[in-house]
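The values are calculated or read from the model by the stated rules, or taken from the named source; none is laboratory data. Just so it is clear, the structure is predicted and the values come from calculations on it, not from any experiment. Backbone-built Cβ (ideal geometry, glycine too); neighbour counts: all protein chains shown.
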Amino acid sequence: MVTSLARAAAAAHPLPCACALGLALAIVLLLTASVAPRPSCADEGPRAKPPVRVSASSVEFVTLVSLDLTPEGWMLVTDVSARAVHLLDEDGNLLLSFRAPQYADFLPADAAQGPDGFFYVTYEAGARLLAFGLDGKLAKEVPLRWADGSDVHPTAVASGPDGMLYVSDAPAMRIGLFDVTGKEARRLDLGSRVTRGMARAAVAADGRVCVLTTCRDVDFFDAKGKLEATRPVSGELSDMTFASGIAFDAQGTLYLVHHEVKEGGWLQTRDAAGARKSLVRLSAPVHTPTDVVVTSDGWVLVACQTGRILRLDREGHVVQVIGSPAGK
């Protein structure tokens with residue numbers, strides 16, 4: 001088509017050979033530029049690590065409510081009181097902070113990196129996800145609706161191996177699988193009552209999904225989205241102990257972190273069938289753990305509501321404290 005237009009232009013305006021060739025090339029370049037797709041974050045090749053803004057020992061947090069990892073091993077930590085999501089490198093140094101000051105009701109609850117490279121942050125009141133780029137700027141907004149046309153109010157988000165965003169809507173008691181344009185592919189209807197702020201999903205590499213629906217129960221789904229079981233996960237712990245974070249490691253072991261009122265916390269692991277493998281008390285200083293992730297090299301990272309991220313070994317011993325409560 002482009003070649004035909006160039007030839008037509010040359011025929012309509014008889015010019016010397018060199019001029020006709022130049023005109024044809026100009027038309028080709030113009031049309032090619034007009035139809036070339038804009039590259040996404042993921043199309044730009046290897047992603048350069050942003051420069052460190054604040055070291056791990058000096059970064060300050062207020063109220064940490066969720067934690068996630070990117071494929072590079074960087075941390076995405078949500079600070080709801082600061083109304084920000086922070087991007088940290090693998091050592092805990094602060095690289096970027098994502099904020100949306102234009103929205104007075106923006107209170108982020110969770111964040112995950114999508115398959116297109118953008119960082120998706122929940123905006124429950126706005127019934128959408130906000131997508132940020134590596135420049136720290138808001139790149140796009142993704143409104144979310146269920147198939148029946150009702151709004152999705154995202155309370156948590158996770159990225160799956162199938163390229164889908166697993167968006168939790170705790171009030172609706174379901175999780176939707178959405179692409180990065182906001183189109184719903186399918187949903188998981190949760191089998192148990194959902195506690196406010198829960199419905200956090202962990203997605204394994206093989207497609208299995210475990211959802212922390214209450215502070216004491218987990219829904220187990222197979223890779224096709226079928227609910228297999230709802231299992232209690234706090235049976236041996238006191239009534240003042242509450243599960244708050246959930247994650248898979250690379251081998252498919254399920255990790256849960258529990259907050260025990262006035263006593264610190266617990267770290268628990270379970271196999272694919274939900275059977276407990278280990279249960280260890282976390283060593284001090286652990287105050288109100290809220291989420292957990294496991295790095296590719298086996299470190300356990302726990303976010304604490306009080307403004308710290310703890311790096312633990314598999315026995316629950318603290319080997320690094322990242323950050324400090326703001327103002328202290």
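Points worth noting:
- Screening the range 257-317 for strands (runs of 3 or more DSSP E) wholly inside it with 2 or more residues that are β-branched (Val, Ile, Thr) and either surrounded by fewer than 18 Cβ atoms within 10 Å (Cβ to Cβ) or assigned by TED's automatic domain parsing to the domain that holds Gly73 (or both) returns the ranges 289-294, 300-304.
- Unmet requirement for Val211, which otherwise passes all of (1) buried (at least 18 other Cβ atoms within 10 Å of the Cβ); (2) touching a Cys at 6+ places or on another chain (Cβ under 9 Å); (3) closer than 22 Å to Thr288 by Cβ: (2)
- Identity of the residue in the range 178-204, part of a loop (DSSP other than H, G, I, E, B), at pLDDT 95 or above and touching a strand residue (DSSP E or B) at 6+ places or on another chain (Cβ under 8 Å), that ends up surrounded by the fewest Cβ atoms within 10 Å (Cβ to Cβ): Thr181
- Restricted to the range 154-205, and to residues there that are farther than 12 Å from Gly225 by Cα and of a type in the set (Asp, Glu), the residue that is farthest from the chain's Cα centre (by Cα) is Glu184.
- Residue that is modelled with the lowest pLDDT, among those in the range 205-223 that are assigned to a loop (DSSP other than H, G, I, E, B) and of a type outside the set (S, T, N, Q): Cys215
- Pair list, Cβ < 6 Å and 6+ apart or interchain, from the range 229-240 residues that are assigned by TED's automatic domain parsing to the domain that holds Val280 to residues that are surrounded by 11 or more Cβ atoms within 10 Å (Cβ to Cβ) and part of a loop (DSSP other than H, G, I, E, B): Thr230/Gly191; Thr230/Ser192; Arg231/Gly274; Pro232/Arg216; Ser234/Arg216; Met240/Val261
Matching residues to (1) aliphatic (A, V, I, L, M); (2) closer than 27 Å to Asp206 by Cβ; (3) modelled with pLDDT under 95; (4) not assigned by TED's automatic domain parsing to the domain that holds Ala199:
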site: Gln113; (1), (2), (3), (4): no, yes, no, no
site: Phe119; (1), (2), (3), (4): no, yes, no, no
site: Thr122; (1), (2), (3), (4): no, yes, no, no
site: Ala139; (1), (2), (3), (4): yes, no, no, no
site: Pro143; (1), (2), (3), (4): no, no, no, no
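- Residues of the range 113-136 satisfying the condition of being closer than 18 Å to Thr63 by Cα and either β-branched (Val, Ile, Thr) or under 11 Å from the mean Cα position of the chain (by Cα) (or both): Val121, Thr122
- In this entry, Val35 passes the filter for residues that are among the hydrophobic types (A, V, I, L, M, F, W, C), farther than 18 Å from Leu134 by Cα and at pLDDT below 90.
- Which listed residue, of Val80, Val142, is of a type in the set (Val, Ile, Thr) and within 29 Å of Arg308 (Cβ to Cβ): Val80
- Strands (runs of 3 or more DSSP E) (entirely within the range 46-102) containing at least 1 residues that are touching a helix residue (DSSP H, G or I) at 6+ places or on another chain (Cβ under 7 Å) and more than 18 Å from Asp116 (Cα to Cα): none
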